[in-house]
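The values are calculated or read from the model by the stated rules, or taken from the named source; none is laboratory data. Bear in mind that the values here come from a model prediction, so they are computed numbers and not experimental data. So basically every Cβ, Gly included, is an ideal-geometry build from the backbone, and we count neighbours across all protein chains shown. When the accessible area is computed, the model is the full protein with side chains, heavy atoms only, and any ligands, DNA or RNA have been set aside. Shrake-Rupley method; radii C 1.70, N 1.55, O 1.52, S 1.80 Å.
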Amino acid sequence: MFKALYTTLLCLVGLNTANAQLSTDSLKAILNNSSDPKIIIENAMILGDVYLYTQRDSSFSYLELARKLSENTKDTQSLIKSTAMLGWSYQFTDPKKSAEYIFTALELVEQSRFNEEKEFVYNSVGTHYRLHNDLDKAIEYYNKSLALNQNIGDSLGLAAAFNNLGIAYMMKAEYDKGIDYWYRSLETKLALGEDISAAITMSNIAIYYKDIGKTKEARDLIEEALKIDLKYHNMEGASKSYITLGQLQKQEGQIQEAVESFKLALATMDSLNTPFEKQEPLLELIAICDSTNNYELAYNYLQDYLEVYKQFNDQSTERVTKELQTKYESSEKERENLLLKSQNKDQEIRLKETEVKRKEEAAQNKVQAANNKILIVVLVAAILALISIVWVLRKVRSAKKSIEIQKLIVDQKNQEITDSISYAQRLQNAILPSVHDLETSFKDSFVIYQPKDIVAGDFFWMEKENGHIWLAVADCTGHGVPGALVSIVCANALHQALYELNKQTPGELLTATRQLVIERLSRSNSNVKDGMDISLIKISGNTIQWAGANNPLWILRHDASEMDILPPHKQPVGQHPAPVDFPTHTFQCTAGDQLYLFSDGYPDQFGGPGDRPGGKKFKSKRFRRTIISVANQPMTDQKKHLQKVLENWMGDHEQLDDICVIGIKIA
């Protein structure tokens, strides 16, 4: 069943929007007209999968229908499949429900002999663990899936298992293993002639190469993926390839070519009639126009972005409302017809009984007339009672329908907010250096980056310039979305001060950055006092230059048992009543010296033992002692210890602020 189902889905993926609608309509027609449970189950699962990324409520409904029907007909194989698919689907909206379905499917499949279902369930369990960052368990189940695919000779399943193992190892920062599995997945897909699927893997590898600065390799792969997408008219894949190509061109400074690629992505999405997908290229174009000071065009693209987003959500709400109304009116009409038939039948029976009694009891006409009057009164009362019940039911159903519609609207708005914040996270991640870049520059180092919300006001920044390495930890005003917006402004200002204004010492860089931040945040008439606290170092061999705005630098010499503390300048990178230029401190380091940069999130976290309401602060002194206690260990072990200490300290207390800590050991 799985292979048949997968083949059907591959056919649907290759269709354009209009044809895909025809295909789903055909599947619905088969489902509604068939009385064969197996056909209903199979088509319901296909529809559930097709609607997963576009109409999630419909997807859940179809998959739940398949699961219940499988359970009622004791179809164990389909029950395992539909339960696992529900677990896979709910991972996007309800992690708890997702886990319940996935592990129910695992329990069922372990007692069965269905190897294909085991492969799918093991893959789902692995993905569940991967999403919860338990990468060792994820790899364990991906390897189980891989072994089953090898046993049953499912090459397409092998390609999927290779791909998932690649993702898991990438997340573990074991990049060589990750890229090896991705290339094995790619080779398998190409050997099978699964060109469209191969193009997806090419895109994944290209994005990784883009992130680590291997621009040529990334360009070669994404251009090949785009060629395949266009050859097979896979315009959805082509639109995503155009976006990645544009990002690479932008990274290489080919701004005009990048603009053309993003425009092609928009045109492709117009042909697919997928307005929601247009947000990413529109945001890229807005960023380019803003960086080139073309504010009028940036504003126009922003209007387009807001319009397509609003249009998409309005259409979704209208469609859901009409579907609910149609279902309600059909149900109400059917119920009224049944009620009318029932009333007519009752009346006919009573009239016949009355006629028989008249003929047989002629002598009792007067009594019978009185009985008839009583009967009519009772009948009228019954009809009036039924009418009252109908009226009440209509009111209840009307109220219920209104509540359901309002719930759908609220759910939709919540989803909009979550999607917007998640996209903001992607934008913020674009300004952060990768952990791989940091590890390449400093062999023994760590980063603890733990936002309070999805996005953060804290960020870390690194640039390599003319043989020098610049490294900073910054804490912007606020956290969550407001803090993230300020962090993007501040990170761009740092970049501009370094590369455009050519500032060469940390003090000069922070002074110039302050002016840029004030200018950008004071374009409106409102009095904006946002900015950032920061600890910034410039490393040139064994010479270290440092400047700090409200955030210190800690130095632990290789032969010392106490920290050297460089106190910060007591002013932010932002508005201040008496601003002065930031000073630069210069000192020498030797091999084995350790430097620590951090925001105030870790030492200011509340928690600890005792019954004090709200707990107490961790504080800087305890933070220093914690670091010194593990200073002789590798940086990776120091990171684990600091995370464990923080977790134990917090206990049941809520995280109060974003947390960012960087430690490096001088080689």
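What is the distance, in nm, between label points placed 7 Å from the Cα along the Cα-to-Cβ direction at residue 557 and at residue 150?
5.5
Give me the 1.4 Å probe accessible area per residue for segment 23-162, excluding ligands and nucleic acids, in Å².
Details: 6390 Å² over 140 residues.
Counting only protein heavy atoms, the per-residue value for segment 23-162 is 46 Å².
Within segment 163-186, what residues put their amide N at less than 16 Å from the label point 7 Å along the Cα-to-Cβ vector of residue 143?
Label zone hits: 163-170, 172, 174, 177-178, 181.
What per residue convex hull volume, in Å³, comes out for segment 476-635 when only alpha-carbon positions are used?
Convex hull volume per residue, Cα atoms: 151 Å³.
Keeping all protein chains in the complex and leaving out DNA, RNA and ligands, what accessible area do you get for residue 543 with a 1.4 Å probe, in Å² to the nearest 10?
40
Could you rank 304, 652, 593 by how accessible they are, 1.4 Å probe, largest area first? Intermediate values should be presented prior to the final figure.
Details: 304 75, 652 160, 593 0 Å².
Result of the area sort, largest leading: 652, 304, 593.
Could you order peptides 582-592, 488-498, 133-143 by the average number of other Cβ atoms within 10 Å of their residues, highest first?
Numbers: 582-592: 14.4, 488-498: 21.0, 133-143: 17.9.
Result, highest mean Cβ count within 10 Å first: 488-498, 133-143, 582-592.
In whole Hz, with x marking every Gly and Pro, tabulate ³J(HN,Hα) for segment 632-639 from phi via Karplus 6.51 cos²θ - 1.76 cosθ + 1.60, θ = phi - 60°.
Each residue's phi maps through the Karplus curve to give 7, 9, x, 4, 5, 6, 4, 4 Hz.
Along each of the three principal axes of the Cα atoms of segment 543-638, give the extent in whole Å, ordering the values from largest to smallest.
46, 40, 20
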